[in-house]
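Heads up, the thing below is written out as structure tokens.
Each reported figure results from applying straightforward, stated rules to the coordinates on display, with no laboratory input. Keep in mind that what you see is a predicted model, and the values were worked out from it rather than measured. Cβ atoms come from the backbone with ideal geometry, glycine included; neighbour counts cover every protein chain shown.
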């Protein structure tokens, strides 16, 4: 699809073509905070359909869907006697303070109590729904973008735009046909409250949206582009915006579960090795994907022609002794007969590093090199190892550094000095402690892997 087609699928607001800009949406404030998405639009515009599509296509993430209708005020018996005169589409009909409080709790990793609102009795039902923190929080409702404080919490703001006649038809079908409401009452409510409130309160919030989806949930192209952007933002650590040579493999429940196991101090040696090997294999596969390739056509057993690629064959591995040796089996499993060199670096004094031993392929200068070390902490050993490879004639752009976890300090040390090298990791941790150990980390990897710890 060309760019004009994408522009039609996504009616982009504010400076246009926002979806083509890397800073179109605010990135999550920190990797551990949820990614908040607000989905607004008129009644029966297709908001729920859009939310359900986002939920179904991002099934490998923990997603919480919250409807703004849950925060309707409970109506007193006096108001209920004249409920036909009550405007449920007015901002005052919602408990915005409670909604803000709930969103703030989720933002800070706390469980939030979301009211259970009964649309028939117009009252809240006890107990409230307990919502736990998630990777993505989707807030849906007609006035989600009305309050500036709510907008400030959102990382992505979506407005679902639909023709007013189609929205009215859908509303009649939903309330009169499906729920048995009197059709005259439905039309009367629409003319008295729904339409005026849409024009006064809902439609003006369209200007705050990052993305406007014309055609609602039927706009498949728009939904696909939104999903792609969400996946990009979720997998992007703040350091990835600073250093374009960092590549963090996309996190799934499987990857998160394996990290949980290898980080657990109580995990057995057998399980630690098993799940470390699985993660290492994923990192190696991802790293191999950054090798140069050439196109090639082959004939299949059916006599058909398949257009594919072949990767660079001149490569080798270099493991940093000794924890780096844990990654060699995965590399051999992926690259038959690959040569693997060794580097031993030990601490010297308080903060220095000394090269103790090296044994590298004689023709390493003409190869792409996969440097293996499962934990990147301060980066001192990595800098020493990469400097040695460069001294041996290896091009900086031909080095791919593979590890399981990396600390920001190590990333800064390596990526600032070697901007042409590629760094591939499965997770970026929080920091280093006073002993220069990665936090939260996973302990001494080599000792745990080779069973030499206490």
inquiry  = Can you order the peptides 273-282, 239-248 by their average number of other Cβ atoms within 10 Å per residue, highest first?
reply    = 273-282, 239-248
Label-zone membership for the range 31-62, site residue 177, 7 angstrom Cα→C-beta point, backbone N under 20 Å = 43-50
task = Compare the peptides 40-46, 395-401, 98-104, 118-124 by average per-residue count of other Cβ atoms within 10 angstrom and give them in order, highest first.
result = 40-46, 395-401, 98-104, 118-124
task = Give me D for the range 166-244 in µm² s⁻¹, whole number, from Stokes-Einstein with Rh from the Kirkwood sum over alpha-carbon pairs, 25 °C and 0.890 mPa s.
result = 153 µm²/s
note = Protection proxy (average C-beta count within 10 Å per residue), highest first, orders 153-162, 285-294, 320-329 as 153-162, 320-329, 285-294
task = Any chance you could give the angle, 0 to 90 degrees and rounded to 10, that helix 269-288 forms with the longest Cα principal axis of the chain?
result = 90 degrees
Fewest-first sequence of 165, 453 by Cβ atoms within 10 Å of each Cβ = 165, 453
query = Taking the Cα atoms of the chain, what is the range of coordinates along each of the three principal axes, in descending order and whole Å?
reply = 87, 57, 42
remark   = The alpha-carbon center of the range 138-175 and that of the range 287-314 are separated, in whole Å, by 47 Å
query = How big is the range 3-234 in terms of Cα radius of gyration and Dmax, in angstroms?
reply = 17.7, 56
inquiry  = Please list, in order, the residues from the range 417-454 whose amide nitrogen is less than 18 Å from a point placed 7 Å along the Cα→Cβ vector of residue 250.
reply    = 424-428
query = When averaged across all projection directions, what area in nm² does the alpha-carbon convex hull of the range 287-335 cover?
reply = 4.4 nm²
query = Taking a ≥ b ≥ c as the square roots of the eigenvalues of the Cα gyration tensor of the range 98-211, is the shape rounded (a/c under 1.5), prolate (a/b larger than b/c) or oblate?
reply = oblate
query = Which percent of the Cα-Cα distances in the range 238-449 go past 32 Å?
reply = 17 percent
request  = Report, to the nearest 10°, how far helix 96-107 tilts away from the longest principal axis of the Cα atoms in the chain, using its own Cα long axis and a range of 0 to 90°.
outcome  = 10 degrees
remark   = Between the Cα axis of helix 220-234 and the main Cα principal axis of the chain, the angle (0 to 90°, nearest 10) is 50 degrees
query = Per-residue ellipticity at 222 nm for the chain, helices alone: DSSP H runs ≥ 4 residues times -39500 (n - 2.57), over residue total, nearest 500 deg cm²/dmol?
reply = -9000 deg cm²/dmol
remark   = By the Kirkwood definition, with r running over pairs of different Cα atoms, the range 260-301 has a hydrodynamic radius in Å of 13.1 Å
